[in-house]
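Since every read-out is calculated from the coordinates, none of them should be taken as a lab result. None of the values given here were measured: they were computed from a predicted structure. FYI the Cβ positions are ideal-geometry reconstructions off the backbone, even for glycines, and counts take in every protein chain you see.
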Amino acid sequence: MATSSCPKCDGTTFEMKEGKVEKSVFRLMFVQCKSCGAVVGVTEYFNTSGMLQKLAKKLGVGDLS
């Protein structure tokens, strides 16, 4: 299996860090290289699918297996 690497420095360790985007009303999390900070991905701040699963479980709907 291939190992993911940073396109800037070839580092192989990544971290999640909250970042701000000008004029955005949503909080975002950046996936960035732990060595040089190059951003390689962006995701929502809140784990929306996790929140939906918890809500579905409380409502007793959906197959959560």
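Quick notes
- The sum of -39500 (n - 2.57) across all DSSP H runs of n ≥ 4, divided by the residue count of the chain, sets its helix-only mean residue ellipticity at 222 nm to -5500 deg cm²/dmol.
- Extension gain from CYS36 to LYS58, taking 0.36 nm per residue of separation minus the Cα-Cα distance: 3.7 nm
- Where Cα atoms sit under 19 Å apart: lysine pairs in the chain separated by 8 or more or lying on different chains: 4
- For region 17-23, 3J(HN,Hα) per residue [Karplus equation, 6.51 cos²θ - 1.76 cosθ + 1.60, θ = phi - 60°, Hz, x = Gly/Pro]: 9, 5, x, 10, 10, 4, 6
- Computed from Cα positions, the angle between helix 48-59 and the longest principal axis of the chain comes to roughly 10 degrees.
- Calculated FRET value between MET51 and LYS23, using beta carbons and R₀ = 35 Å, to 0.05: 0.90
- log10 of Debye I(q)/I(0), alpha-carbon scatterers only, for the chain at 0.12, 0.19 Å⁻¹: -0.48, -0.79
- Around the amide H of VAL40, modelled in the peptide plane, lie the amide H atoms of VAL31, GLN32, CYS33, all under 5 Å away and 5 or more residues distant in sequence or on another chain.
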